[in-house]
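Heads up: the structure comes next, in structure tokens.
The values are calculated or read from the model by the stated rules, or taken from the named source; none is laboratory data. Computed from a predicted model, the values in this text were never measured in an experiment. Note that we place each Cβ from the backbone using ideal geometry, even for glycine, and neighbour counts take in every protein chain shown. Only protein heavy atoms, including side chains, enter the accessible area calculation; ligands, DNA and RNA are left aside. Shrake-Rupley method; radii C 1.70, N 1.55, O 1.52, S 1.80 Å.
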Amino acid sequence: QGVPKPFTEIIKANIGDAHAMGQKPITFLRQVTALCLCPELLASPNIPEDAKARARRLLAACGGHSAGAYSASPGIELVRGDVARFIERRDGIAARAQDIFLSTGASDAIVSILKLLVAGEGPTRTGVLVPIPQYPLYSAAITELSAVQLNYYLAEDNCWALDVAELRRAVTEGRRRCCPRVLCIINPGNPTGQVQSRQCIEEVIKFAYEEKLFLMADEVYQDNIYAEGSAFHSFKKVLFEMGPPYSEVVELASFHSVSKGFMGECGFRGGYVEVVNMDPEVHQQLSKLVSVRLCPPVPGQILLDAVVDPPQPGEPSYELFMAEKNEVLRNLAHKARLTQEIFNRTPGICCNPVQGAMYSFPRIHLPPRACAAAQAQGQAPDMFFCMKLLEETGICVVPGSGFGQREGTFHFRMTILPPTEKLQVLLEKLSSFYTKFVKEFS
């Protein structure tokens with residue numbers, strides 16, 4: 001409306017959209033996708049032969065050799081096979097193409113699995129355990145399906161670790177009003193950026209076995225590991241290495257996506273779910289359920305295939321691919337450290353190490369007068385803070401109340417995706433705004 005603001009641009013640190021924040025696409029992924037969408041490019045001398053070979057193979061697996069044709073409902077058979085081999089290389093455990101369902105990003109697969117698991121009425125209604133703080137897709141889908149959300153709190157004072165005693169509390173309380181059937185884990189964490197230890201994952205699997213819970217492992221940030229001593233352990237790998245009875249009984253669905261990692265290809269909407277130990281009759285119902293959607297976007301499936309079948313040593317695209325991938329991950333690791341350091345220098349802000357994923361979730365102390373002012377405007381205190389921050393600095397972050405947090409604590413979630421120079425300015429601006437805000441309301 002032409003009203004002057006005290007800033008020149010909005011810095012959107014509110015959503016994990018890597019390319020919107022200036023991250024460059026990985027050349028090989030885009031080349032394979034472009035060749036499939038525009039096969040005339042196969043005649044171009046400027047595109048490497050390994051990208052062309054991938055594209056020809058993918059086009060041969062499409063109806064009418066066109067990326068515009070419907071695929072099978074669970075996804076192109078060839079791509080499902082490539083995903084299975086990717087999982088085998090990652091985990092050293094056999095994977096079957098028929099247990100892999102391609103999807104419109106991981107979100108679509110998560111909703112499909114929840115649909116499959118929600119049943120009953122009143123005290124027999126499905127209860128779904130979700131971590132708090134959580135990614136709001138879970139609370140939204142649970143509400144939409146009229147399931148019962150059972151919150152378990154991550155331990156902020158222990159770097160957002162998952163505590164089995166807290167899971168036990170949530171299940172025990174949940175049984176009074178519903179039938180807990182599902183346990184959702186986000187690892188690495190969103191919005192909290194923690195990476196669960198192997199021991200923690202083993203404890204969770206034992207707990208799921210004891211309580212007969214279906215495990216949903218949201219592992220879309222598996223490439224995004226930054227902290228010294230942190231490592232990604234897939235739930236499937238740990239489950240099978242634990243052996244019987246766990247590996248034969250515990251039901252698991254694990255999710256991955258092209259939207260995060262080093263790829264950041266959010267707009268292509270490519271992802272998959274792998275199901276393990278699912279009863280054959282339930283497996284059949286899942287196949288029916290996904291067929292209602294006809295098929296996931298074929299360009300997203302193509303891009304996913306390029307991710308799970310990357311250039312190999314000796315192929316023309318290998319060196320550039322590895323250089324681009326490592327550059328993205330190196331930059332993110334640097335920005336993760338920078339975020340934690342600058343926030344923790346500011347009295348009143350406390351930020352756990354960003355071990356993985358793409359976000360920090362700092363805790364902020366808000367004075368009683370700020371809480372009263374927020375209440376007067378009908379806003380949560382952290383929402384009030386985030387709106388003031390936006391109005392005065394142009395920095396857009398998300399209040400912690402949008403993800404859930406322990407009563408009486410306040411947070412915000414911020415992505416670490418902006419370019420390093422911009423991120424440094426953003427962090428320093430945000431810190432000095434916070435100091436000014438606290439002074440104003442003290």
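So for segment 144-154 (the condition being among the polar types (S, T, N, Q) and part of a strand (DSSP E or B)), does at least one residue qualify? Steps first, please.
Going residue by residue through segment 144-154, those that are among the polar types (S, T, N, Q) are 146, 149, 151.
Now restrict to residues that are part of a strand (DSSP E or B): 149, 151.
So far as segment 144-154 goes, yes, one or more of its residues are among the polar types (S, T, N, Q) and part of a strand (DSSP E or B).
Being farther than 16 Å from Glu274 by Cβ and open to solvent by 10 Å² or more (accessible area, probe 1.4 Å) is the filter here; which residues of segment 197-221 pass it?
Residues satisfying the conditions are Ser197, Arg198, Gln199, Cys200, Glu202, Glu203, Lys206, Tyr209, Glu210, Glu211, Lys212.
May I ask you to verify whether Leu129 is within 30 Å of Glu407 (Cα to Cα) and either in the same structural domain as Pro297 (by the TED database) or modelled with pLDDT under 95 (or both)?
Details: within 30 Å of Glu407 (Cα to Cα): yes; either in the same structural domain as Pro297 (by the TED database) or modelled with pLDDT under 95 (or both): yes.
Criteria met by Leu129.
State which residue is surrounded by the fewest Cβ atoms within 10 Å (Cβ to Cβ) when the search covers only segment 44-54 and only residues that are without any contact (Cβ under 8 Å) to a residue 60 or more places away in the chain and assigned to a helix (DSSP H, G or I). Steps first, please.
Kept after step one, since they are without any contact (Cβ under 8 Å) to a residue 60 or more places away in the chain, are these residues of segment 44-54: 44-47, 52-53.
Going one step further and asking which of them are assigned to a helix (DSSP H, G or I), we end up with 52-53.
Values: Lys52: 19, Ala53: 13.
Within segment 44-54, the match that is surrounded by the fewest Cβ atoms within 10 Å (Cβ to Cβ) is Ala53.
Being in contact (Cβ under 8 Å) with a residue 12 or more places away in the chain and over 19 Å from the mean Cα position of the chain (by Cα) is the filter; apply it to segment 1-21 and report the residue that is nearest to Ile416 (Cα to Cα).
Here the answer is Ile11.
Using the structure shown, decide if Pro296 is surrounded by 15 or more Cβ atoms within 10 Å (Cβ to Cβ), over 23 Å from the mean Cα position of the chain (by Cα) and not in a helix (DSSP H, G or I).
Working: surrounded by 15 or more Cβ atoms within 10 Å (Cβ to Cβ): yes; over 23 Å from the mean Cα position of the chain (by Cα): no; not in a helix (DSSP H, G or I): yes.
For Pro296, the condition - surrounded by 15 or more Cβ atoms within 10 Å (Cβ to Cβ), over 23 Å from the mean Cα position of the chain (by Cα) and not in a helix (DSSP H, G or I) - is not met.
Which residue, of Val290, Val328, is touching a Phe, Trp or Tyr at 6+ places or on another chain (Cβ under 7 Å), within 30 Å of Tyr70 (Cβ to Cβ) and modelled with pLDDT under 95?
On the way: Val328 fails: within 30 Å of Tyr70 (Cβ to Cβ).
Just a single option satisfies the conditions, and that option is Val290.
Sort out which residues of segment 225-249 are touching a residue at least 60 places away in the same chain (Cβ under 8 Å) and either among the aliphatic types (A, V, I, L, M) or open to solvent by less than 40 Å² (accessible area, probe 1.4 Å) (or both), and write them in order of number.
Ile225, Tyr226, Ala227, Ser230, Ser234, Lys236
What number of residues within segment 334-357 are crowded, with 18+ Cβ neighbours inside 10 Å and in contact with a Phe, Trp or Tyr (Cβ under 7 Å, 6 or more places away or on another chain)? First the steps, then the outcome.
Just the residues of segment 334-357 that are crowded, with 18+ Cβ neighbours inside 10 Å, to begin with: 335-336, 339-340, 342-343, 346, 349, 351-357.
Next, from what is left, pick out any that are in contact with a Phe, Trp or Tyr (Cβ under 7 Å, 6 or more places away or on another chain): 336, 346, 349, 351-352, 354-357.
So the answer is 9.
For the structure I just gave you, tell me whether Pro316 is of a type outside the set (Gly, Ala, Ser) and assigned to a loop (DSSP other than H, G, I, E, B). Break it down into steps so the answer makes sense when it comes.
On the way: of a type outside the set (Gly, Ala, Ser): yes; assigned to a loop (DSSP other than H, G, I, E, B): yes.
So Pro316 fits the description; yes.
Report, by residue number, each residue of segment 12-37 that is surrounded by 21 or more Cβ atoms within 10 Å (Cβ to Cβ) and not in a helix (DSSP H, G or I). Working first, answer last.
Here is the first cut: in segment 12-37, the residues surrounded by 21 or more Cβ atoms within 10 Å (Cβ to Cβ) are 13, 16, 18, 26, 28-29, 31-33, 35-36.
Ala13, Gly16, Ala18, Ile26, listed by residue number.
If you take the residues of segment 100-138 that are in a helix (DSSP H, G or I) and of a type in the set (S, T, N, Q), which of them is farthest from the chain's Cα centre (by Cα)? Can you show your working first?
As a first pass, look at segment 100-138 and keep what is in a helix (DSSP H, G or I): 105-117, 122-124, 137-138.
Pick out the ones that are also of a type in the set (S, T, N, Q) and you get 107, 112, 124.
Working: Ser107: 9, Ser112: 16, Thr124: 30 Å.
Looking at the filtered set, the residue picked out is Thr124.
Please give the helices (runs of 4 or more DSSP H) falling wholly within segment 170-274 in which 1 or more residues are within 26 Å of Gly402 (Cα to Cα). I'd like the intermediate steps shown before the answer.
On the way: elements: 198-211, 235-242, 246-249.
Fully inside segment 170-274 and qualifying: 198-211.
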